[in-house]
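One structure is given here, and the rest of the page talks about it.
The values are calculated or read from the model by the stated rules, or taken from the named source; none is laboratory data. Note that the structure is a prediction, hence the values are computed from the model and not measured. Positions of Cβ are generated from backbone atoms using ideal geometry, with glycine treated the same way; all protein chains shown enter the neighbour counts. Remember, those area values only see protein heavy atoms, side chains included, never the ligands or the DNA or RNA. Shrake-Rupley method; radii C 1.70, N 1.55, O 1.52, S 1.80 Å.
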Amino acid sequence: MTTVDLRGVTCPTNFVKAKLALEMVDTGAVIEFLLDDGEPVKNVPRSLKAEGHKLLGLKETDGYYVLTLEKGEE
Amino acid sequence: MSDEKKSTAIDLKNLKAGGFIKERGKDLFTVRLRVPGGRLPVGRLKKIAEVAEKYGQGMVHLSVRQSVELININFKDFDAVVAELGEGTQKVASCGARVRVPTACGGCEYNPNGLVDTQKSALEVDEKLFGTPTGHHKFKVGFAGCPFDCPKSATNDVGFQGAIWPVLEQDDCIGCGLCAKSCTEGAIAMDDAKRPVFTGDNCLYCGDCVKVCPTEAWKTEKKGYTVRIGGKWGRRPLVGTLFAEFLPEDRVVDFITAVLDWYKEKAEGEGRIRLGDVIRAEGAAALLGHLRERFPGFVVDATIPPQAIATQIGKER
Ligand code: SF4
Ligand code: SF4
Ligand code: SF4
């Protein structure tokens, strides 16, 4: 599974980077994003979901979040 | 602004609803345009620019209530200005004791904070109630899309604020805790089993939980407007107080009409008096009762009269 570390990347650059990473994988692939607490974790999962991807999980680990997501139809 | 100015061949019907404001300079007026909700198609903006160049010496003013004002217009050009703006396309606004052009924030179409369609509400109120004479004083209406309340709705005679009441579908929750973290009002806390627990008394209806939840476990159960009545600004400011909650968007015009009826009746013989001062004289319960009959289920059980902020002017009356 691909893991994309978006820690330290501010909004909305983190969202754009997540979109670019999703372009590299096929529909149905599962991909993990590491997100900072605060605005990033409030905004990025919601925005990715609005773009048609499926959220599988979101867990807090050591001060950051791991978002697991399945790529939706392009 | 008076209707009975001695004039040359000006069509006085243009002046009837107001919107023409005397300036200092001889024969010069400001012409206030009607821009409900502060949104203007570019075509109209271009037309306004043309007219401002031709008759207004190339300058417009953006009023604090979201209108464009043509300045330095000679009164002899009134008819030409009105005609060139295109009656029915860009109308002139009003002043005087009437329902004014409603203001609104950008609302929910593109702003991620918005909960209701404030632009739609502003257009509807403009279409159905603009210019209605109150018989007493000006009457302002404003719409905010959410409790951030950028347009400061409580300083209007009737101010609306988008609101939602959230409900949790426990089965869809993955226990991430984001909703509890996002709720700045302390209305959501996570229990030991990582389930969100809702304390409705603390909820401010902002909808952040619904927006932040990655699985849509929080849903919107009720949506509408929080309504504050009796606000005004100016020499003796009043902050409007809470009269209704979750008023459906399609009841807004009826609601304002009911408030106007009460105002017209209760201010009879009082001259130039704003709604907030009438409520202070009559007591908030009188208006609450009037509204509750017509809007049961939305009007709050109790409220207080519009509040003067003594520190604004240093003394209260
Ligand atoms: S009141 Fe809310 S919806 Fe309206 S502009 Fe402000 S934040 Fe956006
Ligand atoms: S609507 Fe706002 S205040 Fe109410 S529970 Fe949700 S986040 Fe908290
Ligand atoms: S944000 Fe949604 S998924 Fe996360 S704990 Fe709250 S209700 Fe559950």
Inset, instruction - Run down B:CYS179, B:CYS206 and say which single residue is within 26 Å of B:PRO237 (Cβ to Cβ), within 14 Å of ligand 2 (Cβ to nearest atom), within 14 Å of chain A (Cβ to nearest Cβ) and of a type outside the set (S, T, N, Q). - result: B:CYS206
Legend entry - From the options A:GLU39, A:GLU32, A:GLU73, residue that is open to solvent by 70 Å² or more (accessible area, probe 1.4 Å), out of contact with any Cys (no Cβ under 6 Å at 6 or more places or on another chain) and of a type outside the set (Gly, Ala, Ser): A:GLU73
Inset, instruction - Would you check if there is a residue in the stretch A:20-35 being away from chain B (no Cβ under 14 Å) and within 18 Å of B:LYS211 (Cβ to Cβ)? - result: no
Inset, instruction - Quick one: A:ASN14 ticks every box in (1) more than 13 Å from chain B (Cβ to nearest Cβ); (2) open to solvent by 70 Å² or more (accessible area, probe 1.4 Å); (3) under 21 Å from B:THR215 (Cβ atoms); (4) part of a helix (DSSP H, G or I) except a single one, so which number is it? - result: (2)
Inset, instruction - Select, from B:GLN90, B:GLN119, the only residue that is of a type outside the set (Asp, Glu), away from ligand 1 (no atom under 16 Å from the Cβ) and either crowded, with 16+ Cβ neighbours inside 10 Å or within 19 Å of B:GLU23 (Cα to Cα) (or both). - result: B:GLN90
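For the stretch B:186-215, give me the residue count where each residue is acidic (Asp, Glu) and surrounded by 15 or more Cβ atoms within 10 Å (Cβ to Cβ).
So the count comes out to 1.
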Inset, instruction - Determine if the stretch B:177-199 includes at least one residue that is touching a residue at least 40 places away in the same chain (Cβ under 8 Å) and within 11 Å of ligand 3 (Cβ to nearest atom). - result: no
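Output the helices (runs of 4 or more DSSP H) that fall wholly within the stretch B:248-295 and possess 3 or more residues being under 18 Å from B:LEU129 (Cα atoms) and open to solvent by 10 Å² or more (accessible area, probe 1.4 Å), or say none.
B:252-266
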Inset, instruction - Among the residues of the stretch A:42-61, count how many are more than 8 Å from chain B (Cβ to nearest Cβ), part of a strand (DSSP E or B) and either open to solvent by 60 Å² or more (accessible area, probe 1.4 Å) or touching a helix residue (DSSP H, G or I) at 6+ places or on another chain (Cβ under 8 Å) (or both). - result: 2
